[in-house]
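The block underneath contains the structure these notes are about, expressed in structure tokens.
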Amino acid sequence: MKKQEIKKRKGLNKSIILYILLITIIIYILYTIYLLIKQPTNIFTIEEGQLYQEETDIGYVIRKEQVIKGENYKNGMEQIKSEGERAGVNEDIFRYYSNNEENLKKKVAELDEKVQEVMTKDNSLFSSDMKLLENQIDEKVLNISNITDTVKLEEYKKEINNLITKKSKIAGDLSPKGSYLNQLIKERKEYENQLNSGAEYVKAPISGIVSYKVDGLEETLTPDNFGELSKEYLEKLDLKTGKIVATNDECGKIIDNFTCYIATVSSSEEAKQAQVGNKVKVRLSNNVETIAEITNLIKEDDGDILIILKLNKQIEELINYRKISFDLIWWSESGLKVPNQAIVEENGLNYVVRSRAGYLSKILIKVKKNGEKYSIIESYDTEDLKEYGFSNEQIASYKKIAIYDEILLQPNLEKIQ
């Protein structure tokens, strides 16, 4: 009995010790959490950061562009310059097919087959030039499978046809059946002449970016018509935001590759305070930011502001669209970022209170930019301090704020020396 009582007492003692230990750990954890929560409410560690003021707006893309259309636009067209490719003055941009072009192409293809058949059956052809042409044709045919650009593909096919024609002419001179071959080649040449003479080639009247995305607004949304633009006018265009302009199969256009404009309507305070000539940033759908200049400001009857922004970059990115969603960044500032509640004003100057090794110091700071909750700050340089009337002794003892410094939130300057 005594042994059992001893065991029970030992077990009870162990349980009591475990309970005490568990309670101690819980109290420690709760206290640690309390300290972690309390500390940030009193102390803030300075880090590098950025402040910016931006808004998301709807914009209408305005360009200087010229539509190009020939007489034979009903025949269908073949692109010579690809979408987005640049062209110089008088360069061929595209061509309209000749009348009866499909039938003529079919006849040329049939003649090519007949020529190839004659040359295959004739074993008397041993010219080194023939062998060279055959190697070139084989190489072109092998590489053509790697070409995805339709315009370059057509050029490659033309090169192959030219090599076949040369080969045919040589074969016509060497072969006993040369008269028949020459007849086929002559007939083929006549069809080619009909194709080329019937086609209408359209040239670039000015230099710029080639596009086939023609929407009929080229003469309406133009830099020459800024004075006619209004919020109501733009809304009546009834355009869908982000919709890609369809490719036109009857005409093309040349776009000024140096300048592009975005018209947008804003009701923000920044818009109401903006001035012509101000520089802002525009962030497009590709997440690239570019500088833009405000060229026109038109106040609407309801108080909204119609803003015209001028861009010199990212023009190719906007070719596909007429109405877009974009971010308008009014300003941005980088540097030491601190909460506004850590900044106090005294006699027209701004201060923060730094805590270092338990010692508090009042530090004079320059506020570069104020945000809604945070500000970007920096230290004054010597010239600034002299302008404020600081003595050489005061300047020599001036303490600068730095990254990772710890500062008080809502400090009381009266208690700081």
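The values are calculated or read from the model by the stated rules, or taken from the named source; none is laboratory data. Remember, predicted model here, so these are calculated numbers, not experimental data. FYI the Cβ positions are ideal-geometry reconstructions off the backbone, even for glycines, and counts take in every protein chain you see.
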Next item on the list: Determine the pairs where a residue that is free of Cβ contacts under 8 Å to residues at least 40 places away in the same chain, located within region 298-321, has a partner that is polar (S, T, N, Q) and assigned to a loop (DSSP other than H, G, I, E, B) with Cβ atoms under 7 Å apart, the partner being 6 or more residues away or on another chain.
Entry: Gly303/Ser267; Glu317/Asn286
Next item on the list: May I ask you to verify whether Ile185 is touching a Gly at 6+ places or on another chain (Cβ under 8 Å) and at pLDDT below 95?
Entry: yes
Check: For Asn225, are the conditions met, namely being free of Cβ contacts under 8 Å to residues at least 40 places away in the same chain and polar (S, T, N, Q)?
Finding: yes
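Quick grid of which residues meet (1) hydrophobic (A, V, I, L, M, F, W, C); (2) on the phi < 0 side of the Ramachandran plot; (3) surrounded by fewer than 15 Cβ atoms within 10 Å (Cβ to Cβ); (4) not assigned by TED's automatic domain parsing to the domain that holds Gly277:
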{"residue": "Asp302", "(1), (2), (3), (4)": "no, yes, yes, no"}
{"residue": "Asn320", "(1), (2), (3), (4)": "no, yes, no, no"}
{"residue": "Ile329", "(1), (2), (3), (4)": "yes, yes, no, no"}
{"residue": "Val338", "(1), (2), (3), (4)": "yes, yes, no, yes"}
{"residue": "Val353", "(1), (2), (3), (4)": "yes, yes, no, yes"}
{"residue": "Lys362", "(1), (2), (3), (4)": "no, yes, no, yes"}
{"residue": "Glu372", "(1), (2), (3), (4)": "no, yes, yes, yes"}
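Any residue at all in region 281-297 that's at positive phi and at pLDDT below 95? Spell out the reasoning first.
First, the residues of region 281-297 that are at positive phi: 287.
Subsequent filtering for residues that are at pLDDT below 95 retains 287.
Yes: one or more hits.
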Note to self: Which count do you get for residues in region 233-252 that are outside any loop (DSSP other than H, G, I, E, B) and either of a type in the set (A, V, I, L, M) or within 22 Å of the chain's Cα centre (by Cα) (or both)?
What the structure shows: 2
